[in-house]
1. Once both axes come from the Cα atoms, what is the angle between helix 199-209 and the longest principal axis of the chain, in degrees from 0 to 90, rounded to 10?
2. Which whole-Hz couplings ³J(HN,Hα) result when phi for each residue of the range 284-295 is put into the Karplus expression 6.51 cos²θ - 1.76 cosθ + 1.60, θ = phi - 60°, listed in order with x for Gly and Pro?
3. Using per-residue counts of other Cβ atoms within 10 Å, averaged over each peptide, order 77-86, 372-381, 143-152 from highest down.
4. Just to confirm, what accessible area per residue do you get for the chain at 1.4 Å probe, in whole Å²?
5. For every helix of n ≥ 4 consecutive DSSP H residues, a contribution of -39,500 (n - 2.57) applies; sum these over the chain, divide by its total residues, and give [θ] at 222 nm rounded to the nearest 500 deg cm²/dmol.
6. Top to bottom by accessible area (1.4 Å), largest first, where do D195, D133, D70 land?
7. Compute the acute angle (0 to 90°) between the alpha-carbon long axis of helix 42-55 and the principal axis of greatest extent of the alpha-carbon atoms of the chain; round to the nearest 10°.
8. Work out the length of the dipole vector of the range 179-287 about its Cα centre, built from +1 on the beta-carbon of each Lys and Arg and -1 on the beta-carbon of each Asp and Glu, and round it to the nearest 20 debye.
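The values are calculated or read from the model by the stated rules, or taken from the named source; none is laboratory data. Computed from a predicted model, the values in this text were never measured in an experiment. FYI the Cβ positions are ideal-geometry reconstructions off the backbone, even for glycines, and counts take in every protein chain you see. Surface areas here come from the heavy atoms of the whole protein model, side chains and all, with no ligands, DNA or RNA. Shrake-Rupley method; radii C 1.70, N 1.55, O 1.52, S 1.80 Å.
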Amino acid sequence: KTLMQQTEQTPGRTNAAASKPKSTRLALLSAIFLMATSAIGPGFITQTATFTTQLGAAFAFGILASILIDFVVQLNIWRIVTLTRMRASDIANAAIPGSGYLLAILVIIGGLFFNIGNIGGTGLGLNAMFGLDPKIGGAISAVFAIAIFLSKRAGLAVDRFIIFAGILMIVLTLYVAFVSAPPVGDAFRQTFLPDTINFATITTIVGGTVGGYITYSGAHRLLDRGMVGIENLPAVNRAALTGIAVTGIMRYVLFLAILGVVASGVIIDTSSQAANPAGQAFRSAAGDLGFRLFGIIFWAAAITSVIGAAYTSVSFLPVFKQDMSEHARNIATVIFIAVSLVSYLLITTPPAAMLVFVGGLNGLILPIGLSIFLFAAWKREDLMGGHRYSRILLGLGVLTCALTWYMGYKSAGTIFGLLGL
């Protein structure tokens, strides 16, 4: 009888063991693409089109700066969250009492503003694809995102959709970059030796790709999927580096696609109220097909950013209510998206202008959170089970943090000038 029981139980154990690597891979891929699609959202696409039109090949330096800052920020954040097994706001409270509440409020407010722009981005994408009114397209997309979080297996639905949309964006953007035939040599030179450096544009692009909620999206996804502890640190390191590589390549390819159009002499409108600079660039590169492809890319970037912004912003709520269940968080996420949608429908600011501004706002939030995390890594090794944190990463983090504070100071006047302050 015992032998029969063991024989019957063995397949179950085997299946469970086989499914664990699969679920681990899905968790890592989900974190990679959640970070990547959040970092390459409609804000980044619009900002890239706007600043490439203004600076030409010199904006390649801004892309490089955003990738290097992304590398240091994401690797530090992912590792610290993994080692402490805590959410960012809880780490902040443990390091500096009360700072976790401040960080949570800043990220949630920044995420809400960003999500209003993201929903506007979905409207622009559907407008390019089907000619729908952007307000109607935004409403349809927001309802779609809400449906994902209301599904019975919301976590799995989020993971699979994020991965699919991310791969689709990469493939289509590569095609447009090839068609636009950019001046690769000049872009490569100015990546390292730019003709001009504009701190306001760098801060805005960093805010749109690393700042605010984006900093914590992948790390919190890994935390929710159980990828924590020193035993998972090697896998987390690989995932972080892979995610940074994916976002870096995608950013540069998108920049090259738009640079090819700008370098050909096409005039792109970036100042009028109805301007859609990225859409104009894609249409110039590949005609009507290019404009339809822009719609698909922009919608995929926007809808994944809607999901990422809502998910990550709500993941900070447990600092105010520690026993918050996953179901309660899903409901809060639905409410967050609904509030973003209503705000978008009521606000008259053009989506493209809003996307540029919120990137700058999140760029000002970035150094605050990074400063707190680096202090925790330096002074509170007890939070990481006594693990001595890498002094090399800590040093790079301090340099990057100082740079983001300086860029924020230099560009604050320009960014808040957009508000008329």
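1. For 199-209 against the chain, the angle is about 40 degrees.
2. 5, 6, 9, x, 4, 4, x, 5, 5, 5, 4, x
3. Numbers: 77-86: 23.2, 372-381: 19.0, 143-152: 16.3.
Highest mean packing first, the order is 77-86, 372-381, 143-152.
4. Working: 16920 Å² over 421 residues.
So the chain comes to 40 Å² accessible per residue, rounded to a whole number.
5. Values: 15 runs with 339 residues, N = 421.
Rounded to the nearest 500, the figure is -28000 deg cm²/dmol.
6. Values: D195 110, D133 75, D70 0 Å².
Ranked from most to least accessible, the order is D195, D133, D70.
7. 40 degrees
8. Working: 6 positive and 5 negative charges, 39 e Å.
Dipole of the range 179-287, to the nearest 20 debye: 180 debye.
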